[in-house]
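Rule-based calculations on the coordinates, nothing more; no lab input. A quick note: this is a predicted structure, and the numbers were derived from the prediction, not measured. Using ideal geometry, Cβ is built from the backbone for each residue, glycine included, and neighbour counts are taken over all protein chains shown.
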Amino acid sequence: MKNILAISGSLRQGSSNHAILQYLGSIVPADIEYAIYNDLALIPAFDPGLDTDSPPAPVVALRKLLTEADGLIICTPEYAFGVPGGLKNMLDWMVSSSTLVDKPIALITASLGGEYAHASLLLTLGALSANVIADATLLIQFIRSKMDNDGNVKDEETLKDLKDVLDAFLKALSQP
């Protein structure tokens, strides 16, 4: 059984990005384990002095989850033309470990604009030697206009694009 870990770059309850991850979880085949990581806010600010053989417990727990995952889906907004601080902080903690080396990753940026965060994350994930699946990347601009009042994606083209991203990601996970 394949294991996918999903991470939202937004810490806000009811965020569009979390809703997208919930939607993806609802369409993942039953033979795939899918979990959304909800402890991003618990990761302490990155301090290279603490990144020793015994890093902080939340970092150890996240590294374990990432190691056990066959693939990672990141869905994030853009804040002030960049990557949200919590998500960037989490990725900084992964630099000294090999946790993301060759790990298949789907990257979705859903925001008002999003192009700056999307480009920055592609660079950061490249620096971590992650395997960002080209066909499993998506920039969704003006995300709020594509969702209903209950936080569900209502835009048919966006729903199709999300399914295409998931299909490409699952195909990459199934290859040896």
Radius 10 Å from Cβ of LEU138, net charge of other residues (Lys, Arg +1; Asp, Glu -1)
-3
How many nm separate the modelled label positions at SER129 and ASP47, each set 7 Å beyond the Cα in the direction of the Cβ?
2.8
Simple spin-label estimate for SER96/LYS64, 7 Å along Cα→Cβ, in nm, reads 1.9
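Mean residue ellipticity at 222 nm from the helices of the chain, using -39,500 (n - 2.57) per DSSP H segment of n ≥ 4 over the full residue count, to the nearest 500 deg cm²/dmol? Could you put the intermediate results ahead of the total?
Values: 5 runs with 66 residues, N = 176.
Result for the chain: -12000 deg cm²/dmol, rounded to the nearest 500.
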Spatially proximal lysines relative to LYS103 (Cα-Cα < 26 Å; intrachain offsets below 8 disregarded):
LYS2, LYS64, LYS88, LYS160, LYS163, LYS171
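To the nearest 20 Debye, how big is the dipole of the stretch 60-176 about its Cα centre, given +1 on the beta carbon of each Lys and Arg and -1 on that of each Asp and Glu? Walk me through the numbers on the way to the answer.
Working: 10 positive and 15 negative charges, 68 e Å.
In total the dipole reaches around 320 debye.
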Collect residues whose amide H, placed 1.01 Å from N in the peptide plane, falls under 5 Å from the amide H of GLY9; neighbours closer than 5 in sequence don't count.
CYS75, THR76
Relative contact order for the stretch 27-135: what percent, with Cα pairs under 8 Å and sequence separation of 6 or more?
27
Through the Karplus equation 6.51 cos²θ - 1.76 cosθ + 1.60, θ set to phi - 60°, convert the phi angles of the stretch 36-47 into ³J(HN,Hα) values in whole Hz; use x for Gly and Pro.
9, 7, 10, 10, 4, 5, 7, 6, x, 4, 4, 9
Give me the distance in nm between label points sitting 7 Å out from Cα along the Cα-to-Cβ direction at ARG144 and SER120, one decimal.
2.0
Among ILE32, HIS18, THR52, which residue has its Cα positioned farthest towards the positive end of the charge dipole of the stretch 1-56, with +1 placed on the Cβ of Lys and Arg, -1 on the Cβ of Asp and Glu, and the dipole taken about the Cα centre?
HIS18
Amide H of LEU139: which non-local residues (sequence gap of 5 or more, or other chain) have their own amide H closer than 5 Å, using H built in the peptide plane?
THR109
Got a sec to turn the phi values of the stretch 11-24 into Karplus ³J(HN,Hα) couplings, 6.51 cos²θ - 1.76 cosθ + 1.60 with θ = phi - 60°, whole Hz, x for Gly and Pro?
8, 6, 4, x, 5, 4, 5, 5, 4, 5, 5, 5, 4, 4
Under the Karplus relation 6.51 cos²θ - 1.76 cosθ + 1.60, θ = phi - 60°, what is the ordered set of whole-Hz ³J(HN,Hα) values for the stretch 108-124, x standing for Gly and Pro?
10, 10, 10, 7, 5, x, x, 5, 6, 5, 4, 5, 5, 5, 4, 5, 4
Pairing the Cα long axis of helix 156-174 with the longest principal axis of the chain, what angle in degrees results, from 0 to 90 and rounded to the nearest 10?
40
Between TYR34 and residues 5 or more places away or on another chain, the pairs with built amide H atoms under 5 Å apart involve ILE4
